[in-house]
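To keep things clear, I will list the structure first and then write my remarks on it.
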Amino acid sequence: MGTDKQPVGILDTINMETVRTILTHKYPYPHEHSRHAIIAVVVGCLFFISSDNMHTLIQKLDKNIKWWSIYACLLGFFYFFSSPFVGKTMKPSYSNFSRWYIAWILVAALYHLPSFQSMGVDLRMNLSLFLTIFISSVFVLLVFHLVFIGLWYIGLVSRVAGRRPAFLTIFQNCAVLSLACCVFYSHCGNHALNERPFGRKDSGFFSLWNKGERNALLAKFLKMYEFKDEVCKSWFAPVGSARDYPLLSKWVIYGEFSCSGSCESSDEISPIYSLWATFIGLYIANYVVERSTGWALTHPLSVKETEKLKNKQMKPNFLDMVPWYSGTSADLFKTVFDLLVSVTVFVGRFDMRMMQAAMSGGHEGAKQEDFLYDHFSEKEDFWFDFMADTGDGGNSSYSVARLLAQPSLCVWNDGHLTKLPRGDLLLIGGDLAYPNPSAYTYEKRFFRPFEYALQPPSWYKEEHIAVNKPELPSGVSELKLYDGPQCFLIPGNHDWFDGLQTFMRYICHKSWLGGWLMPQKKSYFALQLPKGWWVFGLDLALHSDIDSDQFKFFTELIHKKVKENDSVIIMTHEPNWLLDWYWDDVTGKNVSHLTRDYLKGRCKLRMAGDLHHYMRHSYVASEHENPNSVNVQHLIVNGCGGAFLHPTHVFSDFKQIYGTTYENKASYPSIQDSSRIALGNILKFRKKNWQFDFIGGFIYFILTFSMFPLCKLDHILQADTFSGHVKSFFSTVWDIFMYMVGESYVSSMALVLMLLMELGVETCIRHNLLATSGYHSLYEWYRSVESEHFPDPTGLRARIEQWTFGLYPACIKYLMSAFDVPEVMAVTRTNICKNGMDSLSREGAIIYYASVFLYFWVFSTPVVSLVFGSYLYTCINWLHLHFDEAFSSLRIANYKSFTRFHIKDNGNLEVFTLAVDKVPKEWKVDSEWDNELKQIQQLNHYRKYPSKWRANAYNQDPVNTVRIVDRFVIQTCKEELGVANGNGNGSVSH
């Protein structure tokens, strides 16, 4: 559509972009017509019920209060169960499963209850009709699709039509059209065959408006059931007669006639058959037009739709946060297994740290090239970064990696905009991927976000193994001449679950983490930085301490290389100071020995991850402490690199460790925000942990199944007043509770749910709604009315049964038996109450408990999630227990941060902690990155825009929302340090 085209007629005035948008559906075939059909069916059903039966419903409401109460309980529990995925917060697979599951067992329960019959709806009739029409529809459409594919194969239809339709969509469309037929027959029946009370001239909707008198119009409007009859007789009358349907004219479904002896073909056609044939015809016509002409598949989309489709395809394939409460995750089971193996086999019996020392020939001398790196020591104006605990959710990990990759970040500092250059060095403090160290988690959860943030060199290959590190780019002769960012890492406890095998393969035997060069060869190291600063990266393994070989290396290094006035930063994975205080334990004795007796005050800072929040505690002088005896001035925990959030309010009372007093200078999130976030366990536990459904409801059932059934419930049901029912109910709850305390183990909530379910079943049994027909109640009823409601004057049904070798009736029987779950439960319960549990066979017991579980799982699943979430909230906010369990359940991707350091000219260390409060969930290709001129051999850290993805919304992108949450200066100059020590904290905080 060129803009220079001159209009030549009326067609040129039409907005063809709009036409294309209307005619071309944005989804590939099959379209989601069924969604619109469902809406139409529901609206039609509500119309019919309200027009014809509302007065009956109101009149009988008082008499049916018992049944409406059961309806309310049923619908309430079912809504409670399905509410988390109503807003599409769960994966589509589980949402679809839950919807179909609930629809199945809800219908199976409702058709046994009587109140729908007071509205003129017999669910047994509708259900049997639905199943027969559904099977017929599936059969017809499958035959049609096979024929159509055959035509495509021999070339009689467009070659673009060869893609097979989705079977699930075919079943869904068949279910919808069958439901529409059931709704129609429930409220119209075969009235369309009867003589119309209105002439053809006056029939239809507008006949209501041809009356002369306003009073008559009002009277007709109030009598909506007359309008309903008009709709049935005029709008839904069959089109034509049986002669117009030659293929199936002798098989009239639901015709109100029967014959005996020889039968002749009727010229009348059933309205239900007419409606069904219309729906099938529309489906086939729509499919043929789209597939045979190729219009929807070949016609160009509008510019807007094309751009939308491109943006949808051009999105990062980030993984979600790890579902720690999933009962179906193979990764979590593997994590538990690897942890058991690591603790019992690797740790203590085969320690990879010992192997590293042995392969390096021991730590001979103070400088060991595999462990000591001094190529940064002569640099000026040195910047470096620290982060930890990445490799969880893709959105959160990439947000931090994107910030780390930027050439500089502009943030507000003390009222003015400050430019913070990218770090020459990136330190990562362990737990590189969750939940276990595997090739998949390392590649998808750790390497992928960093590669998107800063791409590796063009010659980099993922499968490459670095034999001789460092593998420098062409033209760089030695490591100190390389001016790009570098990365050093220590392993965390999750990296040790496989004995450090994956860490060695991906970190020590590879050269690039995205655009960061990794010279590192071992799992622990020492870095000599400018101005007398050092970084000791310690590997604590699963012992929470360093081993003897590691201790020997660092003690020799301190003795021979670290000067008296140098400053040391110790980086570990676990913050022993916080965890020891919390658990009232003493760990890391070798690390404490190294810090206290060898560094002797030269350790200015200890930093760690493991806890996924930011907290800084700084030394404060007291009357009983000598400032010169302080082993560590500052303690930093920053595990906000991408993993789920941990609370800070649990550790708010930490003040002293190892005889030194500290003060909490900064917390992120704040203590108040952390306490508020914990409330999400009550409100969001199941939404965040829908996989917990598979174990939560099952646990409740295991606790209560031995108490099914409760046979003696007469005293509850025979009370004269409502208060008497309530009193008897809670009296029974108390009796069962005492039994539970004495002889069983069961949750009180599970007990209440079990009693409610048993009362519902008992009520239905007493009113002969259940336990009356056996295990195939619906099919037996269907056979009893088959000749009346399914007339077969030509004997077609018998021939189909013969042709299918009995498969046709068997299919109908067992399909209907799927809706007899309440009947099976009631029949078996009655037998048990009369004859005892011993009278039940093993197969009968399995069937009974399976039928009970189908409903009890729905009732108990949301309750157990609510109870468990409330328990976690109570523990974390009131008792300060289960901080890991209570926040891993929330899977919070927000509140991410890292720490950027700057070694100033005078040797002082300026520390900035940068944070992003809200992590974006939607990304798009950064146009600046896409348009930037690329050179084949150029390293990507030279690019002005190094990151591929940016947030969809400008004001949500981490680069634009990053802020400083803590800033302080660690002073090393003797003059300044003396003044600072005199003030008591040794730092300048803002």
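Could you please let me know if TRP383 is of a type in the set (Phe, Trp, Tyr) and touching a Lys or Arg at 6+ places or on another chain (Cβ under 9 Å)? Show your work before the answer.
Details: of a type in the set (Phe, Trp, Tyr): yes; touching a Lys or Arg at 6+ places or on another chain (Cβ under 9 Å): yes.
So TRP383 passes the test.
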Discussion item. Take the residues in the range 890-915 that are surrounded by 23 or more Cβ atoms within 10 Å (Cβ to Cβ) and of a type in the set (Phe, Trp, Tyr); name whichever of them is nearest to TRP533 (Cα to Cα).
Written reply: PHE901
Item to complete: Find all pairs meeting these conditions: Cβ atoms under 7 angstrom apart; at least six residues apart or on different chains; first residue within the range 560-572 and closer than 19 Å to VAL969 by Cβ; second residue part of a helix (DSSP H, G or I) and open to solvent by 10 Å² or more (accessible area, probe 1.4 Å).
Response: ASN565/GLY532; ASP566/GLY532; SER567/GLY532
Item to complete: Report, by residue number, each residue of the range 905-941 that is over 37 Å from the mean Cα position of the chain (by Cα) and free of Cβ contacts under 8 Å to residues at least 24 places away in the same chain.
Response: LEU933, LYS934, GLN935, GLN938
Worksheet item: Which residue pairs have Cβ atoms closer than 7 Å, lie 6 or more positions apart in sequence or on different chains, and pair a first residue in the range 762-780 that is at negative phi and of a type in the set (Gly, Ala, Ser) with a second residue that is open to solvent by less than 20 Å² (accessible area, probe 1.4 Å) and part of a helix (DSSP H, G or I)?
Response: SER773/GLU823; SER777/GLU823
Item to complete: Taking CYS410 as the residue in question, decide whether it is free of Cβ contacts under 8 Å to residues at least 12 places away in the same chain and not in a loop (DSSP other than H, G, I, E, B).
Response: yes
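So in the range 384-404, with the set limited to residues that are closer than 14 Å to VAL916 by Cβ and in contact with a Ser or Thr (Cβ under 6 Å, 6 or more places away or on another chain), which one is most open to solvent (accessible area, probe 1.4 Å)?
Let us first name the residues in the range 384-404 that are closer than 14 Å to VAL916 by Cβ, namely 387, 390, 393, 395-404.
Those still in the list that are in contact with a Ser or Thr (Cβ under 6 Å, 6 or more places away or on another chain) too: 390, 397, 402.
Numbers: THR390: 0, SER397: 0, ARG402: 16 Å².
Restricting to residues being closer than 14 Å to VAL916 by Cβ and in contact with a Ser or Thr (Cβ under 6 Å, 6 or more places away or on another chain), the top hit is ARG402.
Which residue out of ILE636, ILE558, ILE657 is within 43 Å of the chain's Cα centre (by Cα), aliphatic (A, V, I, L, M) and either open to solvent by 40 Å² or more (accessible area, probe 1.4 Å) or within 24 Å of ASP547 (Cβ to Cβ) (or both)?
Numbers: ILE636 fails: either open to solvent by 40 Å² or more (accessible area, probe 1.4 Å) or within 24 Å of ASP547 (Cβ to Cβ) (or both); ILE558 fails: within 43 Å of the chain's Cα centre (by Cα).
Of ILE636, ILE558, ILE657, the one residue that is within 43 Å of the chain's Cα centre (by Cα), aliphatic (A, V, I, L, M) and either open to solvent by 40 Å² or more (accessible area, probe 1.4 Å) or within 24 Å of ASP547 (Cβ to Cβ) (or both) is ILE657.
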Discussion item. Go through (1) assigned to a strand (DSSP E or B); (2) among the hydrophobic types (A, V, I, L, M, F, W, C); (3) touching a helix residue (DSSP H, G or I) at 6+ places or on another chain (Cβ under 8 Å) for LEU527 and report which single condition fails.
Written reply: (3)
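Before we move on, is SER841 open to solvent by less than 40 Å² (accessible area, probe 1.4 Å) and among the polar types (S, T, N, Q)?
Details: open to solvent by less than 40 Å² (accessible area, probe 1.4 Å): no; among the polar types (S, T, N, Q): yes.
Judged against the criteria, SER841 is not a match.
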Discussion item. Can you list residue pairs whose Cβ atoms sit under 6 Å apart, with the first residue in the range 863-889 being in contact (Cβ under 8 Å) with a residue 40 or more places away in the chain and under 28 Å from CYS73 (Cα atoms) and the second being of a type in the set (A, V, I, L, M, F, W, C) and open to solvent by less than 50 Å² (accessible area, probe 1.4 Å)? Count only pairs 6 or more apart in sequence or on different chains.
Written reply: SER865/PHE685; GLY869/PHE685; LEU872/ALA886; TYR873/ALA678
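Taking the residues in the range 427-442 that are out of contact with any Gly (no Cβ under 8 Å at 6 or more places or on another chain) and touching a residue at least 40 places away in the same chain (Cβ under 8 Å) as candidates, determine which candidate is surrounded by the most Cβ atoms within 10 Å (Cβ to Cβ).
Initially, the range 427-442 is screened for residues out of contact with any Gly (no Cβ under 8 Å at 6 or more places or on another chain), giving 435-440.
After this cut, where a residue has to be touching a residue at least 40 places away in the same chain (Cβ under 8 Å) as well, the list is 435-439.
Details: PRO435: 24, ASN436: 23, PRO437: 28, SER438: 19, ALA439: 11.
So, considering only residues that are out of contact with any Gly (no Cβ under 8 Å at 6 or more places or on another chain) and touching a residue at least 40 places away in the same chain (Cβ under 8 Å), the one surrounded by the most Cβ atoms within 10 Å (Cβ to Cβ) is PRO437.
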Practice prompt. Report, by residue number, each residue of the range 479-501 that is outside any loop (DSSP other than H, G, I, E, B), surrounded by fewer than 24 Cβ atoms within 10 Å (Cβ to Cβ) and out of contact with any strand residue (DSSP E or B) (no Cβ under 9 Å at 6 or more places or on another chain).
Written response: LYS480, LEU481, GLN501
Item to complete: Among residues belonging to the range 502-524 that are open to solvent by less than 10 Å² (accessible area, probe 1.4 Å) and assigned to a helix (DSSP H, G or I), point out the one that is farthest from GLU369 (Cα to Cα).
Response: THR502
Item to complete: Working only within the range 756-773, note down all residues that are part of a loop (DSSP other than H, G, I, E, B) and open to solvent by 20 Å² or more (accessible area, probe 1.4 Å).
Response: HIS767, ASN768, LEU769, ALA771, THR772, SER773
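The values are calculated or read from the model by the stated rules, or taken from the named source; none is laboratory data. Remember, predicted model here, so these are calculated numbers, not experimental data. Counting neighbours? That spans all protein chains shown, and the Cβs are built from the backbone with ideal geometry, glycine included. Surface accessibility is based on the protein's heavy atoms, side chains included, excluding ligands, DNA and RNA. Shrake-Rupley method; radii C 1.70, N 1.55, O 1.52, S 1.80 Å.
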